[in-house]
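The values are calculated or read from the model by the stated rules, or taken from the named source; none is laboratory data. On a predicted model such as this, the values are computed, not experimentally measured, just so you know. Glycine gets a Cβ as well: all are built from the backbone with ideal geometry, and neighbour counts include every protein chain shown. Calculation scope for accessible area: heavy atoms of the full protein, side chains included, ligands and nucleic acids excluded. Shrake-Rupley method; radii C 1.70, N 1.55, O 1.52, S 1.80 Å.
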Amino acid sequence: MHVSTLPNGDRVTARGSGAHTSTTVTTPDGRSAPAVQMTVGGHAYVIPVSVIASGQAYDPAAYDTAAPAAARPAAVTPHYPLSIVEVDGIGLDGGAVAQATTFLLNTDDMKRFAAPIPLRNGVARVAVPSGNYWAITVFATFDPKTRAATEHVVTRTDLAVTGSGTTTLTADERTATARVGAVTPRPSTADGDVEAIDRTDAAGATSEVLTGSTGATWMTPQPAARIGGLAFRVLDLSTAGPAGPDPYRYDVSFPPSDHIDANQTYRPDLSRIQTSHYVFDTDAANPAHQAGWDLGVTGPYGGSGTQRIVPVPGRLTDYIGVSTDDVFWFAEYMPVENAPNQNSELEFEDLGVYRGPGETWRTWGHGPLTPQVGQYTNGMACNACADPDTGVMDFGVTEFTDSDPNSAAHDLGPGYTATFSVYRDGIQVASQSGWPHTELPGTTAQPGTYRMVYDADTTGSGLPMSQSTKTHTDITFRYTPGSAQQPALPADDFCYAANFGPTGCEILPALSLDYQLATDGSNTSRLPVQLLDLSVGHQSYQGQGSHAAITGATVSVSYDAGKTWVPAAAVPTGNGHYLAAWLNNAPKGSTPWLKVTATDAIGGSISQTVANAYTIG
């Protein structure tokens with residue numbers, strides 16, 4: 001993940017890499033900011049709709065999130081005969097309009113020219129190499145109070161620019177007559193959309209412009225491309241159901257077309273809808289009782305996400321749909337929205353939230369929030385793996401997990417402190433501050449007893465958190481190259497030790513814990529006797545990992561910040577599960593600490609202490 005700040009103060013968060021990169025734009029107070037994006041030739045322009053709609057002059061190069069300012073060339077040396085292109089913008093009232101930007105690209109070879117061009121007083125003039133072009137002019141409005149944005153997207157699939165004279169491109173906002181919308185099974189109203197316009201040049205290279213709004217988007221109908229190719233698709237059409245006790249929404253994508261049709265009203269393919277039931281939990285100290293919820297999508301050449309503020313504790317049913325298998329959905333949840341300090345944010349993510357037609361259930365942010373090696377069913381990076389061919393070993397834990405086995409979160413806050421150490425046969429071989437991942441170079445994959453120790457503290461991060469504020473995690477395991485207790489990493493996952501490939505990597509048999517604590521949506525308990533369903537297992541990916549027997553577990557509780565500990569009753573219930581119970585023997589508002597230990601049959605162990613694990617209500 002990469003975070004950058006635009007000249008207007010909006011924040012750009014890019015997740016993933018390559019074709020599966022998705023970009024979310026948020027304002028300084030954490031609200032979603034609609035933006036137009038152009039990805040071409042190593043450039044990634046992200047221009048907020050508020051900037052386009054302002055009508056004020058701006059430098060597009062300053063909004064290129066892929067190139068640092070120092071790397072931008074001060075001047076361009078022409079290598080082709082140049083011609084002048086004049087863009088004349090005409091608004092809905094028939095007059096010249098300044099609130100527009102044209103995205104212009106050479107379709108003979110996009111390396112010759114590709115850039116955003118802001119209109120000034122309704123006109124833009126630019127010198128470009130003679131040849132064939134593709135143009136998208138985005139007219140935008142933006143209401144800073146309601147944050148509603150609209151776009152009229154005027155496209156020109158093919159434009160010939162020849163000779164020494166001036167070629168005029170008339171961009172008439174009134175030609176964008178096809179409003180993007182959908183007919184959904186349950187009543188809903190559009191509240192966001194993302195259109196992907198992918199243009200391939202004659203040389204076979206593809207660029208992408210992403211448009212979209214939070215109000216309404218209109219498209220200009222256009223035929224198929226004469227030079228190169230055109231692929232237009234509604235990548236995400238978001239609609240919300242009416243306010244009420246059963247909140248729901250639709251997030252659906254539709255198949256690509258080689259033209260832009262005059263009818264932009266879509267019907268989702270109900271056979272490919274996933275009904276996702278979400279529960280949003282939060283910290284008892286969350287002052288605003290709101291959280292950040294981000295659902296994003298990527299297509300073959302990139303994608304976009306929209307962040308919304310949701311009330312917490314709360315729930316939501318999201319009908320997520322795809323029409324082709326080259327679309328991927330991701331979700332992100334911030335259980336304590338930290339506006340306006342966006343530099344400190346606790347973010348849970350699921351990079352494969354769409355799993356196919358049917359129903360899914362997930363609770364986000366249910367504590368205690370703890371570091372774990374994890375037991376993942378989605379494609380993930382291996383936390384602790386070894387490549388026996390090169391001798392490289394990776395050691396690490398996921399910084400935060402909640403009660404869902406696929407959870408993974410990190411803290412962006414500069415005040416969040418942590419230390420991570422690795423030992424082999426009692427000798428420290430690595431130690432560092434911050435991120436709990438390290439790699440030991442080749443020839444280190446030796447048989448022995450390995451130990452990972454991780455201490456984390458969120459109290460200085462600025463996050464409004466009263467629970468799971470500090471953790472101490474100590475994991476020990478034995479490594480024997482080629483052991484059946486270290487199966488190969490599945491092909492859908494990737495291994496840092498093998499240079500981001502899965503081939504040959506062994507999953508180290510580190511123990512992992514899963515807490516199912518009987519608390520409410522604010523991680524608060526009003527039970528006189530507290531219950532915990534504790535699951536003890538090994539690091540695993542899509543079911544692959546050690547299956548060595550779990551030989552025991554203990555649970556202890558402290559009501560005085562770890563000074564004294566009271567053992568809880570812990571009864572094994574089978575398959576590594578233990579039911580633990582203890583008295584909530586402390587005043588209302590107290591935040592007990594928990595300590596858990598567990599062992600397996602192959603010499604592995606884990607000990608974890610969680611400060612302020614939950615709140616007594």
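Assorted remarks:
- Full extension of the chain segment joining S54 with A601 gains 190.3 nm, where the gain is 0.36 nm per residue of separation less the Cα-Cα distance.
- On the basis of the beta-carbon distance and an R0 of 45 Å, A203 and D425 show a calculated FRET efficiency of 0.20.
- Put simply, when 508-514, 251-257, 566-572 are sorted by average Cβ atoms within 10 angstrom per residue, most first, you get 508-514, 251-257, 566-572.
- Value of relative contact order over the range 418-513, rounded to a whole percent, pairs C-alpha under 8 Å and six or more apart: 22 percent
- Inter-probe distance in nm under a simple model that places probes 7 Å from Cα toward Cβ, at D560 and E439: 4.8 nm
- Label-point separation, A491 to V126 (7 Å along Cα→Cβ), nm: 4.3 nm
- Rg/Rh, computed from the Cα trace of the range 385-537 with Rh as the Kirkwood radius, has the value 1.01.
- Helical mean residue ellipticity (222 nm; -39500 (n - 2.57) per DSSP H run of 4+; nearest 500) of the chain: 0 deg cm²/dmol
- Cα-based Rg / Dmax (Å) for the range 396-458: 13.5, 37
- Taken over the range 245-353, the ratio of Cα radius of gyration to 2.2 N^0.38 Å equals 1.22.
- Å² per residue, accessible surface of the chain at 1.4 Å: 38 Å²
- Computed as a quarter of the hull surface, the mean projected area of the alpha carbon convex hull for the chain stands at 29.2 nm².
- Convex hull volume of the Cα atoms of the range 130-259, normalised per residue: 121 Å³.
- Using the Cβ-Cβ distance between T317 and T551 with R0 = 51 Å, the FRET efficiency computed as 1/(1 + (r/R0)^6) comes to roughly 0.75.
- Amide H contacts of S407 (H built 1.01 Å from N, under 5 Å, at least 5 apart or other chain): D402
- Rolling a 1.4 angstrom probe over the range 254-357 with all protein chains present gives an accessible area of which 54% lies on carbon and sulfur atoms.
- For the range 105-119, putting each phi into the Karplus relation 6.51 cos²θ - 1.76 cosθ + 1.60 with θ = phi - 60° gives couplings of 9, 6, 8, 6, 7, 4, 5, 6, 6, 6, 6, x, 10, x, 7 Hz, in residue order, rounded to whole numbers and with x for Gly and Pro.
- Segment T377-D389, length gained on full extension (0.36 nm per residue, minus Cα span): 1.7 nm
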